[in-house]
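Participant: The structure under discussion is supplied below as structure tokens; questions concerning it will follow.
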Amino acid sequence: MEILEAFASYEREALAAIDAAASADALEAARIEFLGKKQGRLKDVQGLLGKASPEERPVVGKRFNEIKDAVTLRWETRQQELCRPKAMATAIDLTLPGTPVRLGRRHPLTQTIDEFKDIMARFGFEVADGPELEDEWHNFQALNIPDDHPARDPLENFYLSTASTANAEPMLLRSQTSTVQIRIMEQRQPPIRIVSVGRVYRPDTIDATHSCMFHQMEGLMLGRDVTMASLKSVLRMFATAYLGGDVEVRFRPSFFPFTEPSVEVDVRWKHGWLELGGAGMVDPNELTAIGYDPEEVSGFAFGLGIERFCMLRHGISDIRNFYSNDLRFLGQF
């Protein structure tokens, strides 16, 4: 299988480069090349998951995770070896008192985002990125949000100053990761199966479950005969994979301009329900705006709040803990 051969080649070259690193700088260069999340070769290898057939995906996804873990472990081991004091280093008196070096830890939201990407990769979704500074076309118009919709109110968004010319197009911090699905659809033809993970901005009142900046995972699947059953199956499997087999999920009818029909996705939390995001079938008007034929193409989209999933997973009751930089909190993860 060509995908597995590519995985094996990546593993051989990555392990060889890490073993050959004779300094911290050389090891960091190897990490950026083979494990970098933005431009590293790991991202290219992960992109191959979307090319696997449905029958191949379980084997390919499992092998990808094994290789990623093996390369990461080898890098961590080599890092410890290079940091270890040499026996002949007499310039430093190791008997003198001092403060032990404490290594930092990955933020719980970063851990959650990485696990989200891994889970969706096993479902055959590739990761797509887009800008956080957006125009009104991608943030509203292409998503079937009309001019008079409350979501476009300047008081409900973070608009930024633009050029001084009267015809300058307004720009804003994106209020949803749905903007990425528009950019992907403008560039590709179906079938499409992508997720986009990143920050979004809304001037919400900050409390235990809301923040003016938070993280979303946007999902999009387009093709032939994609149905609401497909959407509900993916979301149930995702919730089970991240939260465990006993998670209780429900779907409530709702309304979003860019999906029809639409649902809210809730999970059981404490003595009630916690909303995790919205979803639905991509509205035909959105498909038409991009240039697709809604008679030939169907699909679903969903947007999930990453902070709330992380809160559920770890029993966190206040979203503000993620942003307070309190090491007593962050050190638990």
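The values are calculated or read from the model by the stated rules, or taken from the named source; none is laboratory data. Note that the coordinates shown come from a computational prediction; the quantities given were computed from them, not determined experimentally. Virtual Cβ from ideal backbone geometry, glycine too; neighbours counted across all protein chains shown.
Participant: Kindly establish whether residue 73 is within 23 Å of residue 120 (Cα to Cα) and touching a helix residue (DSSP H, G or I) at 6+ places or on another chain (Cβ under 7 Å).
Facilitator: Values: within 23 Å of residue 120 (Cα to Cα): yes; touching a helix residue (DSSP H, G or I) at 6+ places or on another chain (Cβ under 7 Å): no.
Criteria not met by residue 73.
Participant: Considering only helices (runs of 4 or more DSSP H) fully contained in region 229-331, which possess at least 2 residues that are among the β-branched types (Val, Ile, Thr) and assigned by TED's automatic domain parsing to the domain that holds residue 116? Reasoning before the result, please.
Facilitator: Working: elements: 284-290, 306-314, 327-330.
Ranges flagged: 284-290.
Participant: What pairs come out if I take residues in region 151-175 that are within 19 Å of residue 210 (Cα to Cα) and pair them with residues that are hydroxyl-bearing (Ser, Thr, Tyr) and at pLDDT 80 or above whose C-beta lies under 6 Å away, six or more apart or interchain?
Facilitator: Close Cβ pairs (under 6 Å, with a partner that is hydroxyl-bearing (Ser, Thr, Tyr) and at pLDDT 80 or above) amount to 157/175; 158/201; 173/201.
Participant: Provide a single number: the residues in region 18-51 that are under 16 Å from the mean Cα position of the chain (by Cα), of a type in the set (Gly, Ala, Ser) and in a helix (DSSP H, G or I).
Facilitator: Of the residues in region 18-51, 2 are under 16 Å from the mean Cα position of the chain (by Cα), of a type in the set (Gly, Ala, Ser) and in a helix (DSSP H, G or I).
Participant: Go through region 34-83 and give me each residue that's among the small types (Gly, Ala, Ser) and more than 19 Å from residue 192 (Cα to Cα).
Facilitator: At the first step, the residues of region 34-83 found to be among the small types (Gly, Ala, Ser) are 36, 40, 47, 50, 52-53, 61, 70.
Result: 36, 40, 70.
Participant: Picking from 262, 254, which residue would you name as being touching a Pro at 6+ places or on another chain (Cβ under 8 Å) and of a type in the set (Gly, Ala, Ser)? It would help to see each step written out before you state the result.
Facilitator: Working: 254 fails: touching a Pro at 6+ places or on another chain (Cβ under 8 Å).
When all the criteria are applied, what remains is 262.
Participant: Could you count how many residues in region 123-153 are among the acidic types (Asp, Glu), touching a Lys or Arg at 6+ places or on another chain (Cβ under 9 Å) and assigned to a loop (DSSP other than H, G, I, E, B)?
Facilitator: First pass over region 123-153, keeping only residues among the acidic types (Asp, Glu): 126, 129, 132, 134-136, 147-148, 153.
When the remaining residues are screened for being touching a Lys or Arg at 6+ places or on another chain (Cβ under 9 Å), the result is 126, 129, 132, 134, 136.
After this cut, where a residue has to be assigned to a loop (DSSP other than H, G, I, E, B) as well, the list is 129, 132.
Total meeting the criteria: 2.
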